Amino acid sequence: MEFLLKAMLLAGVSSVLGLAIKKNSPEIAMLLVIAASCAVLAAAASVIGRLADFLRSLSDTAGVSAQSISIVLKTVGIGIAAKIASDVCRDAGHSAAAASVELLGSAASLYVALPLMQAVLKMIGSLI
Amino acid sequence: MKNALRIILAALVLTAFFTVAAHAGEIENEQLETLGGDMISDAVPDSAQLDGMEITDALDSENTFRSLFERAKGGLTDALLAGAKSALAVVSVAAICSLGGAIFPDGGEINYAELAGVIAIASLSAAGFKSYISEAQTVMSDMNAFSKALLPTLAAAASASGAVTSSAVKFAASALFADIFITVTSDIVMPLIYALFAVSVCSCAVGSAALDKVAGAIKKAIKLILTVIALAFTVYVSLSGIVSETADAAAVKVTKSVVSSALPVVGGMISDAAGAVLAGISTLKSAIGIFGVTVICATCITPFLHLGAGFLIYKAAAMFAECVAGARVSKMTDAIASVYAAILGTIGADAIVIFFAIISLVRTVSG
């Protein structure tokens, strides 16, 4: 709970400082916000890592194949990374770069989910 | 005087040596054997064997219900365990997708986490779906094979109890509708169930409203086909039974009155004795009918429990997924529950057709 409050405080303070610095030095403000985002993401990663371990043990109990769960986890991770990267580009005022990152994220998500989709299509083909 | 005493003594000695005991119980077994009771016992599916229960034991309702209850209790634990495992798998995937949902709010960019979740749930449910379909096909095949042995014997018993015309009419209707049901189930309903699963997966993965409508139409078609067959059979047997039962009742009454009036002294006794024999065969007919219903229940009970537990658990998992993951993950889970319900409905409709055939033959009224 304490470290969650610290992370939220860090994000808030860096945003306010970023606003203050932006008039004189927008690139430093950008770097400050990116650094704060990375710090908060690192904190989130430790929590998500524990959550992922719990979900893996849950899926082991359910007898689910680890491959299916890891594919879904990777897709979620790619989506999160692509979303944050594209929002950083948008904050910097570069929508074109943001759109490219989003496209890359979508393509990477679909690529990672490909084995699962192939398995489902094969299953549907065998039914029909 | 001495001669008369000798004659009386000789008569007493001969009476003691030449009288034969009356065994009323053997008549019932002989009647059952004549009607083909052995064929029925041999045709009982392996999955429905009830601790060596015989046809004549079927009238003991307490033991019958106890056997069915024990079987249901045993099947329930397995069904709940299997359902709980599937639900855990869905819950795991939904929980992972909820992380993506925090980043991709509804109406925003395409949520690939949800897409992966939908496909993962479809892939995880595929093995369960195939095993339930195979179980349903086996159960329906067992029920139909058993009914092919049971119904002719039951019709013969009904005919022997005086319902000659109505038993023939009802048996013919049962055989016709059983064949129609088998053909329609294997050629239309099962392929529709496969199509429902495939269309549901594609609709939830792509998020297409058109495919949603197709899936809805398939569900309605399955429901309509099963309802129409069961209803048509019920109406046909009921209506044809009304006419033929009246004719049978009249024939039995006329025969009894003709016999009792045609033979001067013993006519009434013969008529009453014939009535007692008919009543005995009616009891046997009821025993065969109850045995048949019990075996059908025992055959259906395990798949009913598996599919019922799967349906309820997936519905609960869909509600959970709606709270934490996106709408598509919840819809996919709900679609799988609907597919299980369709399979359950198909087995149920087959069982209902056979139940009604048995009950209509048992309840043939002969006067």
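Would you pick out the residues in region B:192-207 that are open to solvent by 30 Å² or more (accessible area, probe 1.4 Å) and within 21 Å of B:Ala94 (Cβ to Cβ)? Selection gives B:Cys202, B:Val206, B:Gly207.
Taken together, the residues in region B:174-191 that are open to solvent by less than 70 Å² (accessible area, probe 1.4 Å), aliphatic (A, V, I, L, M) and without any contact (Cβ under 8 Å) to a residue 60 or more places away in the chain amount to 4. Taken residue by residue, region A:81-103 has no member that is of a type in the set (Gly, Ala, Ser) and facing another protein chain (nearest Cβ under 8 Å). Could you list, in sequence order, all residues of region A:35-76 that are hydroxyl-bearing (Ser, Thr, Tyr), touching a residue at least 40 places away in the same chain (Cβ under 8 Å) and within 27 Å of A:Leu10 (Cβ to Cβ)? Selection gives A:Ser37 alone. Taken over region B:195-211, residues that are in a helix (DSSP H, G or I) and without any contact (Cβ under 8 Å) to a residue 24 or more places away in the chain amount to 8. Can you pull out the residues in region A:88-128 that are out of contact with any Gly (no Cβ under 8 Å at 6 or more places or on another chain), open to solvent by less than 60 Å² (accessible area, probe 1.4 Å), among the small types (Gly, Ala, Ser) and assigned to a helix (DSSP H, G or I)? Across region A:88-128, the qualifying residues are A:Ala97, A:Ala98, A:Ala99, A:Ser106, A:Ala107, A:Ala108, A:Ala113, A:Ala119, A:Gly125. For beta carbons closer than 9 Å, sequence separation of 6+ or different chains, a first residue in region A:104-122 that is free of Cβ contacts under 8 Å to residues at least 24 places away in the same chain and a second that is aromatic (Phe, Trp, Tyr) and surrounded by 15 or more Cβ atoms within 10 Å (Cβ to Cβ), the qualifying pairs are A:Leu110/B:Tyr112.
In the set (1) more than 9 Å from chain B (Cβ to nearest Cβ); (2) under 17 Å from the mean Cα position of the chain (by Cα), the condition left unmet by A:Asp60 is number (2). Take A:Ser46 and decide whether it is more than 10 Å from chain B (Cβ to nearest Cβ) and hydroxyl-bearing (Ser, Thr, Tyr). Answer is yes for this residue. Output yes when any residue across region B:317-336 is touching a residue at least 12 places away in the same chain (Cβ under 8 Å), within 23 Å of B:Ser131 (Cα to Cα) and out of contact with any helix residue (DSSP H, G or I) (no Cβ under 6 Å at 6 or more places or on another chain), and no when none is. Checking region B:317-336: not a single residue is touching a residue at least 12 places away in the same chain (Cβ under 8 Å), within 23 Å of B:Ser131 (Cα to Cα) and out of contact with any helix residue (DSSP H, G or I) (no Cβ under 6 Å at 6 or more places or on another chain). Taking the criterion of being open to solvent by less than 50 Å² (accessible area, probe 1.4 Å) and either in contact with a Cys (Cβ under 9 Å, 6 or more places away or on another chain) or over 19 Å from A:His94 (Cβ atoms) (or both), the residues of region A:5-39 that qualify are A:Ala7, A:Ala11, A:Gly12, A:Ser14, A:Ala36, A:Ala39. Filter region B:316-325 down to the residues that are in a helix (DSSP H, G or I) and either surrounded by 17 or more Cβ atoms within 10 Å (Cβ to Cβ) or aromatic (Phe, Trp, Tyr) (or both) and list them by number. Within region B:316-325, B:Ala317, B:Ala318, B:Phe320, B:Ala321 qualify.
The selection criterion, being under 26 Å from B:Ala309 (Cβ atoms) and surrounded by fewer than 21 Cβ atoms within 10 Å (Cβ to Cβ), does not hold for B:Ile121.
The values are calculated or read from the model by the stated rules, or taken from the named source; none is laboratory data. Keep in mind the model is a prediction, meaning the values are calculated, not measured. Methodologically, a virtual Cβ is constructed for each residue, glycine included, from the backbone with ideal geometry; neighbour enumeration extends over all protein chains shown. These area figures cover heavy atoms from the full protein model, side chains too; ligands, DNA and RNA do not enter into them. Shrake-Rupley method; radii C 1.70, N 1.55, O 1.52, S 1.80 Å.
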